[in-house]
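The values are calculated or read from the model by the stated rules, or taken from the named source; none is laboratory data. Nothing here was measured: the structure is a model prediction, and the numbers come from that model. So basically every Cβ, Gly included, is an ideal-geometry build from the backbone, and we count neighbours across all protein chains shown. Side chains are part of the model used for accessible areas, which takes the heavy atoms of the whole protein and leaves out ligands, DNA and RNA. Shrake-Rupley method; radii C 1.70, N 1.55, O 1.52, S 1.80 Å.
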Amino acid sequence: MKSNHEKILKSAQDLRWNIGADFHEKTMEALYTDATRIADRAVTHPDEKPRFDLDRTIDKLVTSRVWGFPLMILMLTFVFWLTITGANLPSGVLYSLLIDKLHPLLKAGAASIGMPWWLDGVLIDGAYLATAWVVSVMLPPMAIFFPLFTLLEDFGYLPRVAFNLDHIFRKAGAHGKQSLSMVMGFGCNAAGVISTRIIDSPRERLIAIITNNFSLCNGRWPTQILVATIFIGTMVPAHLGGLISAMSVVAIALLGVLLTFGVSWALSRTILKGEVSTFTLELPPYRPPRILQTLYTSMIDRTLVVLWRAIIFALPAGIILWTSANLMVGGVSVAEHLVNFLNPFGLLLGLNGVILVAYIVAIPANEIVIPTILMLTVMISGGNGIGAGSGVMFELESGLATLNILTQGGWTLLTGVNLMLFSLIHNPCSTTIYTIYKETGSAKWTTIASLMPVVMGFVITFFTAQIWRLIAGW
Amino acid sequence: MAKEKNNIAQEESNLAGVNADCASCPVHHAANLKKLGVDMENWDFVVALAGNPNTGKSTVFNALTGLRQHTGNWPGKTVTRAEGGFEYADNRYKLVDLPGTYSLLATSLDEEIARDFILFGQPDVTIVVVDASRLERNLNLVLQVLEITNRVVIALNLMDEADRHQMKVDHRRLARDLGVPVVPTIARYNEGFEDLLAAIHEVAEGETLAKPYQVKYDNPKLDRAVSQLVTQIEEAFPQVPNARWVALRLLDGDERIIKAVEDGELGELSYTRDDLEGASVTHVSHKSGFAQ
């Protein structure tokens with residue numbers, strides 16, 4: 001049997017010499033010729049071409065060298081502006097419902113059945129408040145942002161973004177298709193990493209995987225939007241607040257794109273040297289978006305999935321935070337010990353101990369960074385009657401109130417800016433790390449992809465802090 | 001359910017043109033689709049969804065299974081295999097959504113996943129979703145699929161876009177030329193699925209006799225080489241349904257197929273349907289190709 005198989009392979013090898021070296025090209029040619037012939041027979045074109053081709057006109061505009069990038073930035077800014085200004089009201093409503101009304105009710109209920117203080121604390125002040133916070137803060141912006149983004153996608157705009165970015169990637173020594181996986185990463189980095197499968201060359205695929213983390217993902221958009229609203233939006237007159245906040249979020253997203261180019265360039269000239277391969281990018285036709293269906297699927301696929309993930313991680317995080325804030329060692333809580341320990345290093349980076357602890361807690365899910373930060377800040381700075389005792393995650397009715405809390409905790413504009421930077425540039429979440437390992441099958445590349453961004457984050461925030469302090473004299 | 005593929009293949013000529021009774025008439029089953037979501041237990045037939053990128057494979061997948069595989073207007077959206085189930089005319093189908101590819105030459109991971117499944121997964125029906133407004137380029141893939149299997153249904157999708165470009169696509173002529181059923185659809189708006197389901201049903205049950213078009217290479221030397229190899233292949237692997245394609249791939253030096261001949265994996269293609277139950281998926285190999 002075995003020899004039979006070998007005989008086939010042997011004669012195939014011999015016959016290959018007979019049929020000529022251009023066999024592959026010839027067969028492909030025959031295939032194309034036949035395809036053309038069959039297609040020609042089946043398709044009749046109208047005698048007269050339409051004079052005005054809408055698709056081509058739009059394409060000329062959005063992929064033009066002059067207007068391509070400004071239009072892209074304008075469109076993103078508009079989307080964020082809508083998100084930021086639109087999310088305020090529903091956020092407030094959800095907050096007053098879940099936290100103002102329901103939380104005291106739950107507390108009263110627990111008291112009436114005589115629940116012990118620690119159980120009541122863990123369940124209601126820890127788990128419930130953490131979850132309620134995540135829902136009231138994250139649901140409104142997501143419910144606005146994701147449908148808008150999905151509409152752009154359904155319309156066919158994303159490949160044009162990729163088209164605009166393609167030649168820059170080529171210059172950076174990376175595959176042009178990386179522009180697609182990068183755009184995918186704006187939704188979720190784990191999905192972005194999987195989508196690099198469209199890249200054939202292992203070298204270029206690794207570059208795309210390692211740099212995907214610089215695409216702001218679903219879990220980080222809310223952090224950016226919130227910090228921008230609180231620190232940057234409140235610095236300008238109220239009517240400009242939304243616009244300026246939106247622009248600063250766009251600036252961070254663009255910085256991520258620049259970092260993607262820079263790091264790709266550096267990798268392809270150092271540890272991942274090699275030739276750039278070519279490819280064809282097909283621009284799909286513009287399709288009128290199906291509004292209702294888009295609303296529905298983006299609600300199910302994105303909003304609820306992300307929200308659910310946030311809740312799953314917020315629940316145990318709330319319990320752990322409450323416990324660590326109420327577990328005393330030498331008269332000081334465990335959480336405070338940890339924060340104090342990391343504080344000097346944090347301040348050096350223009351951040352603080354609270355932010356670093358929050359990022360450790362948030363390794364499973366970046367979605368819970370802001371709730372953790374607020375809770376820890378109140379706890380450390382004494383809280384002065386805000387919130388409801390130590391270790392309680394809470395919500396504040398306006399950006400200004402949140403700002404007050406944070407300034408009490410020693411925050412400055414620099415802290416806000418550096419938090420936005422660090423949120424962009426730090427290690428991937430645990431799901432993404434696991435996905436990178438599955439896709440590359442290599443512990444070495446997984447480690448590089450996980451550690452490189454966080455080291456970069458430290459370096460960039462450090463220099464930002466030093467330069468800022470030098471100029472501002474703080 | 002003894003629907004043995006090989007018997008069907010042998011009896012195909014007998015079944016030609018014979019419509020058993022009303023129960024197999026498409027009109028009878030028109031509104032008979034039952035979306036089963038991820039429930040794929042006890043399937044009778046496996047159906048693969050292939051096609052160029054961005055032709056609407058995932059939209060067809062969602063419409064038939066009721067699942068919500070993410071769809072988007074850009075090429076390369078689906079890079080993994082998604083699976084779901086549906087029931088039609090008393091048969092349970094397992095539907096596998098393959099990554100979109102322009103060819104089946106397996107030069108990248110997504111092409112390899114698609115090709116390995118069509119070849120080694122041995123689906124009972126392969127639906128090729130085709131963009132009617134870009135027919136010529138899409139037919140390249142169709143012709144390659146037809147070299148591997150004759151159990152094909154073409155979903156001539158995006159008919160609305162062809163209309164928008166004021167093109168007329170004659171699906172009957174296309175069906176005659178390709179030798180397989182061609183069904184015009186507009187998947188985004190759920191149009192044409194009844195005909196598509198009926199066509200799937202007929203191919204799955206072996207009621208449609210397919211005479212797929214074969215690419216003409218017009219090269220006497222090649223023809224001789226192919227027929228010599230086909231004889232050898234059919235001798236070593238008597239059950240292989242597409243010896244001509246295997247011969248062409250061997251002549252082209254396709255490493256995956258050379259390996260399949262070497263270790264006899266090609267012989268496993270002669271599985272009967274019952275043997276394949278639950279085993280088909282394991283033949284799809286995954287290579288990552290990264291150095292440690």
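Within the P(r) computed for chain A, what percentage of the Cα pairs occupies the region above 32 Å?
49
Which ³J(HN,Hα) values, rounded to whole Hz and listed in residue order, are derived for the stretch A:119-133 from phi using the Karplus coefficients 6.51, -1.76 and 1.60 in 6.51 cos²θ - 1.76 cosθ + 1.60 with θ = phi - 60°, glycine and proline given as x?
Values, residue by residue: 6, 4, x, 4, 6, 8, 7, x, 4, 5, 5, 4, 5, 4, 4 Hz.
What part of the accessible area of the stretch A:72-145, given as a whole %, is carbon or sulfur when the probe is 1.4 angstrom?
Roughly 81 percent, rounded to a whole number.
If you count only protein heavy atoms and use a 1.4 Å probe, how large is the accessible surface of B:Trp245, to the nearest 10 Å²?
10
Binning at 10 Å from 0, report for the stretch A:50-117 what percent of all alpha-carbon pair distances ends up in each bin.
Result returned by the calculation: 16, 20, 17, 14, 13, 10, 8, 2.
Which value, in debye to the nearest 20, describes the size of the charge dipole of the stretch A:7-134 about its Cα centre when Lys and Arg Cβ atoms bear +1, Asp and Glu Cβ atoms bear -1, and nothing else is charged?
Dipole size: approximately 160 debye.
What is the calculated FRET efficiency for B:Gln239 to A:Lys273, with r their C-beta to C-beta distance and R₀ = 45 Å, to the nearest 0.05?
0.40
Leaving ligands, DNA and RNA out of it, rank B:Glu265, A:Glu336 by accessible area with a 1.4 Å probe, largest first.
So the residues, ranked largest to smallest area, are A:Glu336, B:Glu265.
Between A:Leu413 and A:Asp53, with labels modelled 7 Å along Cα→Cβ, what's the label distance in nm to one decimal, could you check?
It is 5.0 nm.
For chain A, what does the accessible surface come to per residue with a 1.4 Å probe? Please give it in Å².
For chain A, the solvent-accessible area averages 44 Å² per residue.
Ranked from the most accessible area to the least, with a 1.4 Å probe and all protein chains present, what is the order of A:Leu243, B:Leu178, B:Leu36?
Final ranking, largest accessible area leading: A:Leu243, B:Leu36, B:Leu178.
Percent of accessible area on the stretch B:109-256 owned by carbon and sulfur, 1.4 Å probe?
Heavy-atom surface of the stretch B:109-256 belonging to carbon and sulfur, 1.4 Å probe: 45 percent.
With the cut-off at 17 Å, report for the stretch B:127-167 the share of all Cα pairs above it, as a whole percent.
So the pairs more than 17 Å apart make up 31 percent of the total in the stretch B:127-167.
Along the Cα→Cβ direction, 7 angstrom out, place labels at A:Val93 and A:Ile471. What is the inter-label distance in nm?
4.2
What accessible surface, in Å², does a 1.4 Å probe find on A:Trp322, ignoring ligands, DNA and RNA and rounding to the nearest 10?
20
To the nearest 500 deg cm²/dmol, what mean residue ellipticity at 222 nm is calculated for chain A from DSSP H runs of n ≥ 4 alone, each contributing -39,500 (n - 2.57), summed and divided by the residues?
-22000 deg cm²/dmol
How big a patch of accessible area, both sides summed and in Å² to the nearest 100, lies buried between B and A at a 1.4 Å probe?
That pair hides around 6600 Å² of surface in total.
To the nearest 10 Å², what's B:Lys35's accessible area with a 1.4 Å probe?
Around 110 Å² of this residue is reachable by solvent.
Using a Förster distance of 41 angstrom, determine the FRET efficiency expected from the C-beta separation of A:Leu82 and A:Val332, and round it to 0.05.
Efficiency for this residue pair is about 0.35.
Please give, to one decimal in nm, the separation of the simple spin-label points placed at A:Trp308 and B:Lys259, each 7 Å out from Cα toward the Cβ.
With each label point 7 Å from Cα toward Cβ, the separation is 3.6 nm.
Can you put B:Ile233, A:Ile311, A:Ile460 in order of accessible area, largest first, using a 1.4 Å probe?
If we order B:Ile233, A:Ile311, A:Ile460 from most to least accessible, we get A:Ile460, A:Ile311, B:Ile233.
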